[in-house]
1. For Met159, Met501, which order do you get if you count the other beta carbons within 10 Å of each Cβ and list the fewest first?
2. In the chain, what is the count of Lys pairs whose alpha carbons are under 26 Å apart, counting only pairs at least 8 residues apart or on separate chains?
3. Between (1) 1.15; (2) 1.00; (3) 1.13, which entry matches Rg/Rh (Cα atoms, Kirkwood Rh) as derived from the coordinates of this structure?
4. Let me check against my output: what whole-number percent is the relative contact order of segment 195-251, with C-alpha pairs under 8 Å and at least 6 apart?
5. Quote the relative contact order of the chain in percent (integer), defining contacts as alpha-carbon pairs under 8 Å separated by 6+ residues.
6. In whole Hz and in residue order, list the ³J(HN,Hα) couplings for segment 402-411 that follow from phi through the Karplus curve 6.51 cos²θ - 1.76 cosθ + 1.60, θ = phi - 60°; x for Gly and Pro.
7. For helix 302-311, report the angle its Cα long axis makes with the longest principal axis of the Cα atoms of the chain; keep it between 0 and 90° and round to the nearest 10°.
8. Under a Cβ-only charge scheme (Lys and Arg +1, Asp and Glu -1), can you give me the dipole magnitude of segment 343-461 about the Cα centre, in debye to the nearest 20?
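Laboratory data are not the source of any read-out in this text; all were calculated from the coordinates shown. Quick caveat: nothing in here was measured; it's all calculated off a predicted structure. For neighbour counting, all protein chains shown are included, and Cβ atoms are generated from backbone atoms with ideal geometry for every residue, glycine included.
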Amino acid sequence: MSVEPRSNFLRTQIQADLESARVSALVTRFPPEPNGYLHLGHAKSISVNFGLAEQFGGHCHLRFDDTNPEKESQEFIDSIQEDVRWLGYQWQGEVRYASAYFNQLYEWAMYLIDQRLAYVCDLSAEEARDYRGTLTEPGRNSPFRERSVDESRDLFARMRQGEFAEGARVLRAKIDMGAANMNLRDPILYRIRHASHHQTGTEWPIYPTYDFAHGQEDAIEGITHSICTLEFEDHRPLYEWFVEHLPVPHTPRQIEFARLNTSYTITSKRKLKQLVDEEVVIGWDDPRLPTIAGLRRRGYPAAAIRHFCEEVGTSRSDSTADVAMLESAVRDHLNQSAPRRMCVMKPLRVTLTNLPDTLLLDVRNHPADLDFGSRQLSMGAELFIDQDDFREEANKHFKRLVLGKRVRLRGGLVIEADRCDKDAEGEVTQVFARCVTSVPGADPEDGLKPKGVIHWVSADEAVPATIRRYDRLFGVPEPAREQDLMAAVNPHSLIVIDTAMIEPGLVNATPEAGVSV
């Protein structure tokens, strides 16, 4: 399954920048924070950033925004790298980290102090919120805003040395407390954090904020286009202010697009973590979660996810895609690419009363594509079909096995059900049928063709298996809007079936084999 890249505003703007020689080559980046597993929304961002680099012959960097050590871990770093590779992309050069630029960012913070564009502020978090103002009222200058350069330099250096407690002081930019855009109201550049960092250990007791760090990181790496989602649009003036007022080696351009939202899904890391922590799901890679690791475990092919991301399009308008589009993309991809195998969920024994010898069948691995080849299956007098594929009586719309009616065993013979045994509760326990044909694939000589085809497994060779059937985790289209998230969880999102029987070839099947049952 492949999709030609569609024209969109990002591609149009990048094409214009290249044609006008504003940039000579495209360099993008994917900068996740390693505080959780990537989800479907990240898959969209990955496909945009890496896809644009591929289309225009450029490069895409993988950079971890690791400026918040309390919430980050090596586990998340490893999982993110695996997800990007699995989706079919490769970053340019080595993996990059915001923490690798901490020395440079610290020097640039000192530069802003020297330019009287930053100051150390002693307001508490609560006081700072009060001074900041509201959407309709301007903020007020901090009483520490006019601190001298020497005093701010000294205090910031001592913050760097770990002299002060967390929350005691911050470094803030001096911009405009009356700005309509609240992101410009003297934003915080550095906070004190006495926490061990997964890359730098205890070297740094202060950490830059994302707003201060990411524009300069883009500039250091020579990023030409910083492609962000729309929630960063109001942060762009701040991004550009830092780039303009610092001696950075390069000027990136930030462009925003609408993030991917899908129905019946949540992508908030906080809420995903809640589901994991409260054991509603079994880890970040639970197949019911929209994490890339979860989708991979569920059997969703990477190509189908990329196809879906392209199909939903890239725009500046927020919208919600129907998750059925993703499910359809998965089915279409598997229908074309997956070899087939048979599995019976609820086994019902069938005895073929007139089959004297075991047949060795050559069964196609794909019903419509001979290139998939075939496999050999044994069909003896005893086999299993699914309980749902048999009825004693049924109307004409039921195309499976009915007493007195015929059906074709997939890849095998045509059979007709004669009678059945029941237990004390009236449940059918065994069906007795006879073979109407003797050659696999042939039609009955009397001209009465079967109405349907059902799957089966040999009773002698079938292997017991436990099957986990996954449904949507939430039973409402917009779970993020629910006041009680847990009440929206679908109680039937996971059904474990421990009675299944599978054909022998499935025993060693792997997700990479793309086998479909």
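1. Ascending number of Cβ neighbours within 10 Å: Met159, Met501.
2. 23
3. (3)
4. Once divided by the residue count of segment 195-251, the mean separation gives 42 percent.
5. 12
6. The phi angles translate into 9, 3, x, 10, 10, 8, 9, 6, 4, x Hz.
7. 70
8. In total the dipole reaches around 420 debye.
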